[in-house]
Structure formats: structure tokens, C-alpha cells
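Chemist: I have a structure here, written as C-alpha cells, and I will follow up with some questions on it.
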Amino acid sequence: MELKFSTFLSLTLLFSSVLNPALSDLCNPDDKKVLLQIKKAFGDPYVLASWKSDTDCCDWYCVTCDSTTNRINSLTIFAGQVSGQIPALVGDLPYLETLEFHKQPNLTGPIQPAIANLKGLKFLRLSWTNLSGSVPDFLSQLKNLTFLDLSFNNLTGAIPSSLSELPNLGALHLDRNKLTGHIPISFGQFIGNVPDLYLSHNQLSGNIPTSFAQMDFGSIDLSRNKLEGDASVIFGLNKTTQIVDLSRNLLEFNLSKVEFPTSLTSLDINHNKIYGSIPVEFTQLNFQFLNVSYNRLCGQIPVGGKLQSFDEYSYFHNRCLCGAPLPSCK
């Protein structure tokens, strides 16, 4: 009798879960409610068609659940299209570690202030959208961030100096916007990790902060801005910097007096006002890429290393550079 009852109970629970799938949901009901509201705020786009109230949200497209807590820990929309502004509701997913809106040209408005509530966020990418307004100061409150990408948007105004207070940041992408003003001095005083820094294709002006002398950037791209003066602070014998792009600025310094790290594999300084000669030390570096064209360099290109493996376009349009791969010196 007891066996029959337990079998009956098991079957009852089985049929209940089939008739009412919510009973077998792994998904947290609060998270599910928020996600359905986000879908509604975006106008029920096709990319979120799998978001249905009678299915387990841990199985939905564009989200993942933590394997232990079953709380939503990732919201990534990078295929299909959503339109409008980022809903404030994203701030009501308290266990979110990854938030990504990528290649969403119909995503508009400012960077949503409610993102400041997501204290566990590690990965934030809002890129290739039509977001506008400023880079918000509140991002510095997200102390767990390891990756911040706001590239390819219409962001304007100055870069907030408080971003240097993110202790775990591995990469900072603010490139391809319309940012103005100076590079913050605080970017030479990052707390904790020194992130790879991408500020290219903006309208930044002024000098590169002298505080960069204390920073060991693995990769740094400041190209296509209006930066002036000396960039030698980026380099240094004791640094481990590998990739540097300073091209298309108004930089003016003596290249022959710069001390370069032996780790350097890629250097692009084309279209500046850099003078002096190419250091003999360049023959000791394992360059995968080199472009010093359109500057005011003079003298013979040192022979050796990788220097002759690059074509004339890496060296041409200088004041009086000569020697292979350019015409020989007179």
C-alpha cells in the first residue's frame, strides 16, 4: 500500500510539472519577472522570442544561470536587434556578472544609471551602439569589473578620472567615440591592475600625463586624437609594454633619446612631428609591426634585426631618413 501511494505521489508530481512547468523551473522567479519586463520594455523583439513565461528562463537565449544558485548571471545581446534605451530594469538582476549589448545600432540614449546597482558585475560591454551622453562616473563603483568596453558609440565629454579606481580592470576600451578634454592624470595612477588602454579615434587633446612614467601598460592605443608634446613617458627599459599605437596625433619629441622596453613588438607612430633618428636599439627588438612614416626623422635606418623586413611605406615621408628599405644615404 505504501509503495502504491509513493508511486501515486511521484506520478502526481510528474504530471503537475508537465502541466505547470514553473514547478520544475530552475530559474529564480524574481529574475524571470525582471527579464520578462525587460523584453516588454524593448517591445518584444524577435531576438528574445525564447523568453516565454511558461518556460525555464535558465534555458532562454541571451542569458545564463549560475550553476549553483540558478540566479541569472549573464545577459548578452549581440545578435538580432533591440531598439530603444537600456531599461532601468537591468539593475534589478543583482547576481549579474556579465552585461553585453554589442552591435545594436538601434540602442540609444545614455548609459543606464541603474547599472550602478550591479555590484557583482565583472564584464561590461556596450559597444557598436548609438548610445550617447557622457562616460558616467558611477562606473567607478563597480569594483569587480575586469573588462570595460564602451567603444564604437557616440559618447561625448571628458573621461572621468575615477575610472582609475577600478582595482581589477584588465582592459579599458573607450575608443571610437567623440570624447574631448585631456587624458586624466589619474590614468597614471591606476589602483591594482594596470589595464590595457584603448582611447583611439576620439578628440582628446593636451599632453600625455607624465604620470604614465609609473605605469606599465601591456598594450596602449592613443591613435587618432589631438595629443601634443612628449610620449616618451609611455616607454622605459624596465617596462613590459608590447603594443603601442600613437599614430595620427600632434606629438613632438626626440625618438633617439627614448628608452624602449625589450618586450616591444608593435610600434606605430605615423603622422606626428617626431624628430631625431631611429635608435640602434631597434635592431634588438622583435618587431612584428613598425611604422614611423610621416614624421621629421633623419639619418640612416640602422641595419639589422627586423628593420629591413618592413617596406618603404613604414619609413617614408620623413625629413631625411635614408638607407634600406629607403634609397641609400648620400
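The values are calculated or read from the model by the stated rules, or taken from the named source; none is laboratory data. As the structure is a prediction and not an experimental result, all values here were calculated from the model. Every residue, glycine among them, receives a Cβ derived from its backbone with ideal geometry; neighbour counts consider all protein chains shown. To get the accessible areas, we keep the full protein, side chains included, count just its heavy atoms, and leave off ligands, DNA and RNA. Shrake-Rupley method; radii C 1.70, N 1.55, O 1.52, S 1.80 Å.
Chemist: Hey, among the residues in the range 52-77 that are touching a strand residue (DSSP E or B) at 6+ places or on another chain (Cβ under 8 Å) and not in a strand (DSSP E or B), which one's farthest from residue 97 (Cα to Cα)?
Modeler: 57
Chemist: Of all residues in the range 26-70, how many are charged (D, E, K, R) and crowded, with 17+ Cβ neighbours inside 10 Å?
Modeler: The qualifying residues number 3.
Chemist: Can you tell me how many residues within the range 271-330 are farther than 21 Å from residue 249 by Cβ and open to solvent by less than 20 Å² (accessible area, probe 1.4 Å)?
Modeler: So the count comes out to 5.
Chemist: Among the numbered criteria (1) surrounded by fewer than 21 Cβ atoms within 10 Å (Cβ to Cβ); (2) more than 29 Å from residue 207 (Cα to Cα); (3) at pLDDT 95 or above, which one does residue 110 miss?
Modeler: (2)
Chemist: Residue 23 versus (1) at pLDDT 95 or above; (2) open to solvent by 70 Å² or more (accessible area, probe 1.4 Å); (3) more than 25 Å from residue 142 (Cβ to Cβ); (4) touching a helix residue (DSSP H, G or I) at 6+ places or on another chain (Cβ under 7 Å): which is the lone unmet condition?
Modeler: Among (1) at pLDDT 95 or above; (2) open to solvent by 70 Å² or more (accessible area, probe 1.4 Å); (3) more than 25 Å from residue 142 (Cβ to Cβ); (4) touching a helix residue (DSSP H, G or I) at 6+ places or on another chain (Cβ under 7 Å), residue 23 violates only (1).
Chemist: Next question, about the same structure. Quick one: would you say residue 104 is crowded, with 21+ Cβ neighbours inside 10 Å and not aromatic (Phe, Trp, Tyr)?
Modeler: yes
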